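The values are calculated or read from the model by the stated rules, or taken from the named source; none is laboratory data. What you see is a predicted model, and the numbers here were worked out from it, not measured in a lab. Don't worry about glycine lacking a Cβ; one is built from the backbone with ideal geometry, like all the others, and counts go over all protein chains shown. These accessible areas exclude ligands, DNA and RNA; they are computed on the full protein's heavy atoms, side chains included. Shrake-Rupley method; radii C 1.70, N 1.55, O 1.52, S 1.80 Å.
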Amino acid sequence: LRELVRTNSPDLTEIRTIIHLGACSSTTETNEDYLRDNNFLYTKELAEWALAQNIRFVYASSAATYGDGSAGMDDKTDNLDRFQPLNPYGWSKHKFDLHARDTSLLSEIVGLKYFNVYGPNEEHKGNMRSVISKAFRQISETGEMTLFRSHRPEYENGKQQRDFLYVKDAVRMTLFLAENDQANGLFNLGCAEARTWLDLAHAIFSALDRKPAITFMDMPEAIRDKYQYFTQADVSKLRTAGYRDAFFKLEEAVADYVRNYLLPDKRLGE
């Protein structure tokens, strides 16, 4: 697609909307030149081309842009500079948000700040797939699952919190904003409810009709100072834009994912 855009190929004349989700999503990637090209420059090229062709442009930002959360997690655009991402991936996303703001692109395009998305068909993401996908395999093989210990005294082990977003909700939100050409700028996409990793673990065991068996391991030192202990989306802007659908509850979504997609006879291609 990048080459087709650069050459303004006639093969693209029928496109009306671009939903650009592709990126290097590894939070442990350290090659900043690669991230700049893949996550920043590619998005910039597509956005500029789309607007020149009068094409609706929607792109994936990330909740990683909020860093440790101490500066808040709202999706307003008037003070984006206060956010300090914790890793190069987060910065690559944040830098495009800043560029889009500074060049007024955000008044014409939509940036989606996805929180912790999980759901069917994510195995291709390897180590970046959700804990649910990883835990299902681990529990199937060992009967247990492992979580990171907390390395901050105000959080007990397993009590770190995330806003977990089922992919079915993420899809509905994304399509709503793609189709609503009056909704431009940045939007948080989450459930607006922080849940603990223990909540998630218990939901997985419950979906498998197993008694919880959870162990804890030290978090690798390389990511200890880059780890988000709390995320929770403020989705008031999304609601104001007209999105009315209810969100999946964690337990309901995990049960659907595990029982209808992860069990061996439910997997695609098996």
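Worth a mention:
- Qualifying residue in the range 218-228 (condition: in contact with a helix residue (DSSP H, G or I) (Cβ under 9 Å, 6 or more places away or on another chain), surrounded by 11 or more Cβ atoms within 10 Å (Cβ to Cβ), at pLDDT below 95 and under 23 Å from T28 (Cα atoms)): yes
- Among the residues examined, V167 qualifies as closer than 21 Å to N188 by Cβ, touching a Pro at 6+ places or on another chain (Cβ under 9 Å) and touching a residue at least 40 places away in the same chain (Cβ under 8 Å).
- Of all residues making up the range 102-111, the number that are open to solvent by 60 Å² or more (accessible area, probe 1.4 Å) and either hydrophobic (A, V, I, L, M, F, W, C) or not in a helix (DSSP H, G or I) (or both): 3
- Any hit, the range 66-85, residues being within 25 Å of C191 (Cβ to Cβ), assigned to a helix (DSSP H, G or I), among the polar types (S, T, N, Q) and in contact (Cβ under 8 Å) with a residue 40 or more places away in the chain: no
- Among (1) under 20 Å from the mean Cα position of the chain (by Cα); (2) open to solvent by less than 50 Å² (accessible area, probe 1.4 Å), the one test that F205 misses: (1)
- Every residue from the range 112-140 that is open to solvent by less than 30 Å² (accessible area, probe 1.4 Å) and within 12 Å of the chain's Cα centre (by Cα): L112, K113, F115, Y118, G119, S130
- When restricted to residues that are of a type in the set (A, V, I, L, M) and out of contact with any helix residue (DSSP H, G or I) (no Cβ under 9 Å at 6 or more places or on another chain), the range 120-143 contains 1.
- The set of residues from the range 13-53 being of a type in the set (A, V, I, L, M), open to solvent by less than 60 Å² (accessible area, probe 1.4 Å) and either more than 19 Å from Y89 (Cα to Cα) or part of a helix (DSSP H, G or I) (or both) comprises I15, I18, L35, L41, L46, A47, A50, L51.
- Positions within the range 1-12 being part of a loop (DSSP other than H, G, I, E, B) and either charged (D, E, K, R) or open to solvent by 60 Å² or more (accessible area, probe 1.4 Å) (or both), in sequence order: L1, T7, N8
- Residue that is surrounded by the fewest Cβ atoms within 10 Å (Cβ to Cβ), among those in the range 240-266 that are among the aliphatic types (A, V, I, L, M) and part of a helix (DSSP H, G or I): A255
- Looking only at the range 101-142, residues that are under 20 Å from A178 (Cα atoms) and free of Cβ contacts under 8 Å to residues at least 24 places away in the same chain come to 1 in all.
- Lone unmet requirement of (1) open to solvent by 70 Å² or more (accessible area, probe 1.4 Å); (2) modelled with pLDDT under 95; (3) not hydroxyl-bearing (S, T, Y) for K159: (2)
- The residue that is farthest from F164 (Cα to Cα), counting only those in the range 229-239 that are open to solvent by 50 Å² or more (accessible area, probe 1.4 Å) and assigned to a loop (DSSP other than H, G, I, E, B), is D234.
- Scanning the range 87-101 for residues that are in a helix (DSSP H, G or I) and not hydroxyl-bearing (S, T, Y) turns up P88, G90, W91, K93, H94, K95, F96, D97, L98, H99, A100, R101.
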